[in-house]
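Below: the structure, in structure tokens.
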Amino acid sequence: MRQASWHNDVFFGLHFDLHATDKDTELGRALTGQHLREQLAKTRPDFVQCDGKGHPGYASYPTRVGVPSPGIVRDQLRIWREVTREMGIPLVVHFSGIWDAAALKNHPEWGRVSQPGGERSPKMVCPLSAYTDAYMIPQLIEIIDNYDVDGFWVDGENWASQPCYCPACQAGFAIGQVPDQPGLPHWAEWLAYSRANFVAHVRRYADAVHRRKPGCTVCSNWMYTVRQPDRIEAPVDYISGDFSWIWSAAKAAVEARFMAGRHLGWDLMAWGFSSHGPMQDWVFKSADALCQEAAVVMSCGGAFMVYDTPNRDGTLVGWHMDTLSQVAAFCRARQPFCQETKTVPQAVILHAPAHFYAHNEPLFNLGDASDALEGALHALLENGVSADILNDADLVRQIDRYPLCVVAEQDNLSDELVSELERYVRAGGVLLVSGAEQTARFGRLLGVTALEPAYLEMQLHIPVGPGSVCAMGRYRQVRPADGQTEVIAPLLLTRDTGSAAQLSGGCAVTCRPAGKGMAAGIFGPIFATHAKAHYPAVRALLGQLLDRFASPGLARARGPARVHIALRNRNGQLFVHLVNLGSDHPLSPHSPLVEHVPPAGPVSLDIPLAARPRQVRLMPAAEPVSWTYAAGRLSLRLDLVGIHDILVIDQAD
């Protein structure tokens, strides 16, 4: 039984790390308790994370176990501990795990071997080496004993991991000959074994920390998020990750919608600074940009954290903290309507581990394996539908709660899962399946038969409204099996529509009733390509399909595509979060910074409710809202939506 932690009660936090090196000369020199107290008082965070040991492996505090940076002038970790204890703020230490270059200078035998017969890595450790038990755990225990910290946020972990071909790792693989590339026998088993070695590494240090101080939390950065969608087995206290410094809000959305369904406390960390792309030439983000990123996280019930780097002398940048005070006030105003809420099931998107691990960059990096997942999420959100993401185990347990399920180009689904999806449809659910090869698993349910040639790999088009949109990627050629299958859109050989259209003979999109429900198919990689292109016509095509479904359990928002919704509830109140992802200045790869977020609108909402609500308010401004209720639907219109507004609907007892 995982015990409750202090992290369950937090909502807004700050993170400061500086990745000390052997070149530092002034670590902690100018940091004082008074300075730190004054800066933290500007935001009053629920928790803070400070520097301990970064990827170079040098500790920024005096250590007898690890390798201290030669540039330590003052013990800044001691100052952080004293001030946070005085202010009643839990203190978490940023600590690099798998990535530790300094440890490997002294113990090169701990290094990972990335290919058979290769050299030991000078930066990344092997999870089966003595590093975890002989070095990392004693260093964590030293920090607990000397500073009585409240938690560790361990960085450089799953995303820094790869298969290791050292003698110990190869000897432990009992299935057969160790493969060194995809396509060879036992490749999938080798990757699963390697992933299990990483999980065992986390389990060892988490157990050690909990034994030493039961209330001290352990979090491994990005563990059990989109990049690791497995069942939660390691005894981590919560899940967390620092999302991209650029195009941040869009990247946060897919993580938030998945992490919110993991049955464990979670937070997401925004980088307080950004750039024109590379990890250099940093500039601090605007308050509006950070508030927008916060809204993506808060609207899904998560805690929000902002990362900034302190000066090398230990001081915090005062004007950065002034900006963050605005962000903190924005978050606090919305906290009563976000914290401890639960999702209201609407659309659910399958994130199948068997698909992900067959296509990602081993061991845990995304590659393009999550593109279809991300594209499906964005297409739904842009159409005013609230959406969650679940792995297959959680989906099977909860699928009947969701009016709509999307299976976006997912390979390697088990026969049992396919059967469960078919049962879901016949029981009244709506299923949308996409992909050229992937839809073949659902041929009977979709009511289509194959044509020759089986696939078209040429420039194709799909009619949308009066025009058409290019159908990127390979599409499967199918036709309706009988009159019950409705062709929503044919597959075109040219851009022409109407009487000038040149039909391929196949269908791009179909829909068919099955039992009490409905099954729809899109016979190409529409969502993976939508993640890269976001063509408005693809969004419109999905909107047409959603209209065709006419699912009575779905709430819909209709307005600018940049306004996304999330439905949550708590104690008889329904919260409809409206998050505005717009920007006043056009964004591009050469101008990626959000300066100001202007209001967006109008937005009309149509929400299923079992009974007439007692009250509807727009928070946090407490503005009155005009609304109507008829035939089990609440209808209203908002002229403008700010960065994050929340409809609070008090439901009848």
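Only the coordinates and a few stated rules stand behind these numbers; no lab work does. What you are looking at is a predicted structure, and each value in this text was computed from that prediction instead of being measured. Note: ideal-geometry Cβ built from the backbone for every residue, glycine included; neighbour counts use all protein chains shown.
For the peptides 585-597, 469-481, the ranking by mean Cβ contacts within 10 Å, running from highest to lowest, is 469-481, 585-597. Modelled spin-label separation between Ala41 and Arg426, with each label point placed 7 Å from Cα along the Cα-to-Cβ direction: 6.8 nm. Over the residues of the chain, the helix contribution to mean residue ellipticity at 222 nm works out to -8000 deg cm²/dmol, using -39500 (n - 2.57) for each DSSP H run of at least 4. Shape class of segment 556-650 from the alpha-carbon gyration tensor: prolate, with a/c at 1.5 or above and a/b greater than b/c. For the chain, the relative contact order comes to 11 percent (Cα pairs under 8 Å, sequence separation of at least 6). This structure gives volume of the Cα convex hull per residue in Å³, computed directly, and of [x] 167; [y] 185; [z] 242 that value is listed as [x]. When you count the other C-beta atoms within 10 angstrom of each residue and take the mean per peptide, 173-181, 374-382 line up highest first as 374-382, 173-181.
Spatial offset of segment 35-112 relative to segment 309-340 amounts to 20 Å, using the alpha carbon center of each. Using only Cα atoms, locate the centre of segment 184-241 and the centre of segment 164-179, then give the distance between them in Å, rounded to an integer. Centre-to-centre (Cα) distance: 20 Å. Fewest-first ordering of Phe152, Phe11 by other beta carbons within 10 Å of each residue's beta carbon gives Phe11, Phe152.
In a fully extended conformation the segment linking Arg78 and Arg397 would gain 110.2 nm over its present Cα-Cα distance, using 0.36 nm per residue. Enumerate the residues in segment 449-466 having an amide nitrogen under 18 Å from the point lying 7 Å beyond the Cα of Ser499 toward its Cβ. Label zone hits: 466. The stretch between Glu437 and Ile175 holds 91.4 nm of extra length on full extension. This uses 0.36 nm per residue minus the Cα-Cα distance.
Restricting segment 94-168 to GluC sites (Glu not before Pro) that sit in a DSSP loop and have at most 14 other Cβ atoms within 10 Å of their own Cβ leaves Glu119.
Here the simple spin-label model places points 7 Å from the Cα toward Cβ, and for Asp22 and Arg203 these points are separated by 3.6 nm. A simple spin-label model places pseudo-atoms 7 Å from Cα toward Cβ; at Trp282 and Asp650 they are separated by 4.6 nm. Maximal additional length on extending the Leu264-Asp482 stretch stands at 73.8 nm, based on 0.36 nm per residue less the C-alpha distance.
FRET efficiency for the Asn569 to Ala4 pair, using the beta carbon distance and R₀ = 25 Å, is estimated at 0.70.
For segment 344-549, the pair-distance distribution built from all alpha carbon pairs, in bins 5 Å wide starting at 0, is 1, 8, 17, 21, 22, 17, 9, 4, 1, 0, 0 percent.
Taking each of Lys53/Lys213; Lys342/Lys532; Lys23/Lys251 in turn, the alpha-carbon distance tops 28 angstrom for Lys342/Lys532; Lys23/Lys251. Rounded, prolate or oblate: which one fits segment 506-596, using the alpha carbon gyration tensor with axes a ≥ b ≥ c (rounded when a/c is under 1.5, else prolate when a/b beats b/c, else oblate)? Note, shape of segment 506-596 comes out oblate.
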